[in-house]
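**Student:** Got a structure for you, written out below as structure tokens; questions coming shortly.
The values are calculated or read from the model by the stated rules, or taken from the named source; none is laboratory data. For clarity, every value in this text was computed on a predicted model and none was experimentally measured. With ideal geometry, Cβ positions are generated from the backbone for all residues, glycine too; neighbour counts draw on all protein chains shown. Surface accessibility is based on the protein's heavy atoms, side chains included, excluding ligands, DNA and RNA. Shrake-Rupley method; radii C 1.70, N 1.55, O 1.52, S 1.80 Å.
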Amino acid sequence: MDIERVESNAFGHFEYLPSLLGFSVKKDEAITVINCGLGTSMFNIVCDTWLPQNISLRETIQKIVERFDGQPFAWWLGPSSKPLYLGEKLLDYGFVKETTEHAMACELDRVQLFSDDEMTIPIVQVKTYHELQSFVSVLAHYDVSVKPFYARLNPSVSTREKLFVGFE
């Protein structure tokens, strides 16, 4: 599997809803900066970093930090992020590596689906206000900014980003 395609898919998910919901999404050939203004690294994200070699890395990092004006944000790096030593430079600058995420990928023609009688909890696509509130209630345990972020979403409007919630 082409890792750049996996990264592009993940980073596309990061930017889609913030862009749709009217938050600040700045994207160019070198970097994507998503600032939702919500004081959380869940929705304030820098990603898709392909910085040219002739750029002052320290100056670029400083400008991005200034764009967030003290708000927390996450800088997501993938295996194809450039320059390859960017992670080290971010650590030198004072960033903290919080976690390492591993992309999930599977060959769909190899997936064995469950039959309806094997499903133990109903999982539904979010299409109503009640279902959206249930979805938000799961994520709100991790970050209170989930509520104002998703408050802008009209669950009855079809988008390419699908949300699902399971009910127990």
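**Student:** Name the residues whose placed amide hydrogens come within less than 5 Å of the amide hydrogen of Trp75, ignoring near sequence neighbours (fewer than 5 apart) on the same chain.
**Tutor:** Amide H neighbours of Trp75: Val46.
**Student:** Here is a further query. Put +1 on the Cβ of every Lys and Arg and -1 on every Asp and Glu Cβ in the chain; which of Phe164, Asn154, Phe68 then has its Cα farthest towards the positive end of the dipole?
**Tutor:** So the residue furthest toward the plus end is Phe68.
**Student:** At 1.306 mPa s and 10 °C, plugging the Kirkwood radius over alpha-carbon pairs of region 1-53 into Stokes-Einstein gives what diffusion coefficient in µm²/s?
**Tutor:** Answer, rounded: 137 µm²/s.
**Student:** A follow-up question, please. Lysines near Lys127 by alpha-carbon distance under 16 Å, same-chain residues fewer than 8 away left out - which ones?
**Tutor:** Qualifying lysines at Cα under 16 Å: Lys162.
**Student:** What is the packing order of peptides 27-34, 42-49, taking the mean over residues of other C-beta atoms within 10 Å and listing the highest first?
**Tutor:** Top to bottom by mean Cβ count within 10 Å: 42-49, 27-34.
**Student:** By how many nm would the segment from Tyr142 to Ala30 grow when fully extended, if each residue of separation counts as 0.36 nm and the alpha-carbon distance is taken off?
**Tutor:** 37.3 nm
**Student:** Under the 0.36 nm per residue contour assumption, what length would be gained going from the current alpha-carbon distance of Arg58 and Lys82 to full extension? Please list the in-between numbers first.
**Tutor:** Numbers: separation 24, 0.36 × 24 = 8.64 nm, distance 1.40 nm.
Contour length minus the Cα-Cα distance gives 7.2 nm.
**Student:** Separate question: Which residue fluctuates most in the GNM of the chain (Cα springs below 10 Å): Val144, Val111, Val126?
**Tutor:** Highest fluctuation among the options: Val111.
**Student:** Please list the equivalent ellipsoid semi-axes of the chain, computed as the square roots of five times the alpha-carbon gyration tensor eigenvalues, in descending order and whole angstrom.
**Tutor:** On the way: eigenvalues 205, 87, 40 Å².
Whole-Å semi-axes of the equivalent ellipsoid: 32, 21, 14.
**Student:** With a 1.4 Å probe and all protein chains kept in place, how do His102, His130, His13 rank by accessible area, largest first?
**Tutor:** Largest to smallest exposure gives the sequence His102, His130, His13.
**Student:** So, in nm, how far is label Val96 from label Asp2 when the simple model puts each one 7 Å beyond its Cα toward the Cβ?
**Tutor:** The modelled label-to-label distance comes out at 3.8 nm.
**Student:** Which angle between 0 and 90 degrees, to the nearest 10, do you get for helix 3-20 versus the longest principal axis of the chain when only C-alpha atoms count?
**Tutor:** Orientation of helix 3-20: about 80 degrees from the principal axis.
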